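Data block below; observations after.
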Amino acid sequence: MARTRLAAAAAVFAVQFGAAAPSLGQDDVLAAPPPLARAAGTAFRDCAECPEMVVVPPGVFLLGSPPTEPERSDDEDDTAGPGGRQVQVTIARSFAIGRHEVTWDEWEACLRGGGCDGYMPLLPPIFEAGTTPVIGISWDDAQAYVRWLNARVPGTPYRLPTEAEWEYAARAGTTTPFHTGATITPDQANYFSDYAYGDAPTRQFRRKTVPVGSFPPNAFGLHDMHGNVWEWVQDCYAEAYGPARADASAAEPEDGVCQDRGIRGGAWYFRPAGARSAFRFWFPPGDRDMGSMGFRVVRDLADAADPLP
């Protein structure tokens, strides 16, 4: 799969950037929160500035796409090339994931608290900050936010989702290209809606991000798993899913050197096929260039549900 797929799409939003960084401060470190109810669907925040998290239940699903799925790519199965199969993955314990992508407000809270390495992304002039997803974030930047969260509230193991966890959360029990079914419409997600997937209608696309939660959630209560901004995952990108993915763990190279990290979910400027639950792409971990790179976080739960039998 060629990089030119995203490189060509980048021309859609050739805009000039400009924004001022806010002044920084230092928040107090909070005590570890009390144990959480582990029921699926439970929502919580560990602190006022922390992202809202939703508990996702354990389960089993098929990672990737079947060969019959329209506009699929060859890297969406267990073989690098045609002829592969989906991988059965077991999510043995419940975990919590962000209800939506990390917003500008939440990123700025990290900066005020002395975190995120002091980096303030640049905001395109036609975009809005506030409750829209923060963009211009590299994988390394997302890790800096995670470090701040873990220092802010000790005992709360935040991290990026693995690729398998992300897709499990996006699907929310579905096996179709989108959690909305066989197709998706501009009333259900923010993508390059001059183009359609399947028999969905087209519409002049919005040309920018929209506030998180603008569209209905999936069955797990999660918003914007399709479209709005690309979301970094923990995994080092590989052209096929290996057997290690069966336990939902992240793929990491044996030598510890990762050239490209995975991104998921599509974006406001990208065609709807890229917003499918199974769609995969990659970028170098230090890349901020697309202006549409964001993320959401996962939190491990000490009181997670018992493992599946």
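The values are calculated or read from the model by the stated rules, or taken from the named source; none is laboratory data. Note that the coordinates shown come from a computational prediction; the quantities given were computed from them, not determined experimentally. Positions of Cβ are backbone-derived with ideal geometry, glycine not excepted, and every protein chain shown enters the neighbour counts. Just the protein is used for accessible areas: all its heavy atoms, side chains included, with ligands, DNA and RNA removed. Shrake-Rupley method; radii C 1.70, N 1.55, O 1.52, S 1.80 Å.
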- Look at Glu231 and say whether it is surrounded by fewer than 22 Cβ atoms within 10 Å (Cβ to Cβ) and among the acidic types (Asp, Glu). no
- Query: Checking Val102 against (1) within 20 Å of Asp289 (Cβ to Cβ); (2) open to solvent by 40 Å² or more (accessible area, probe 1.4 Å), which single condition isn't satisfied?
  - Reply: (2)
- Filter the range 106-156 for residues that are among the polar types (S, T, N, Q) and buried (at least 21 other Cβ atoms within 10 Å of the Cβ); the one that is nearest to the chain's Cα centre (by Cα) is Ser138
- Query: Here are some conditions: (1) buried (at least 22 other Cβ atoms within 10 Å of the Cβ); (2) touching a Lys or Arg at 6+ places or on another chain (Cβ under 9 Å). Arg171 meets all but one. Which one does it not meet?
  - Reply: (2)
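Residue-by-condition table, conditions (1) modelled with pLDDT under 95; (2) over 25 Å from Thr68 (Cα atoms):
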{"residue": "Tyr197", "(1), (2)": "no, no"}
{"residue": "Phe205", "(1), (2)": "yes, yes"}
{"residue": "Thr209", "(1), (2)": "no, yes"}
{"residue": "Asn218", "(1), (2)": "no, no"}
{"residue": "Gly221", "(1), (2)": "no, yes"}
{"residue": "His226", "(1), (2)": "no, no"}
{"residue": "Trp230", "(1), (2)": "no, no"}
{"residue": "Val233", "(1), (2)": "no, yes"}
{"residue": "Cys236", "(1), (2)": "no, yes"}
- Applying the selection to the range 266-292, what residues are open to solvent by 10 Å² or more (accessible area, probe 1.4 Å), part of a loop (DSSP other than H, G, I, E, B) and aromatic (Phe, Trp, Tyr)? Phe270
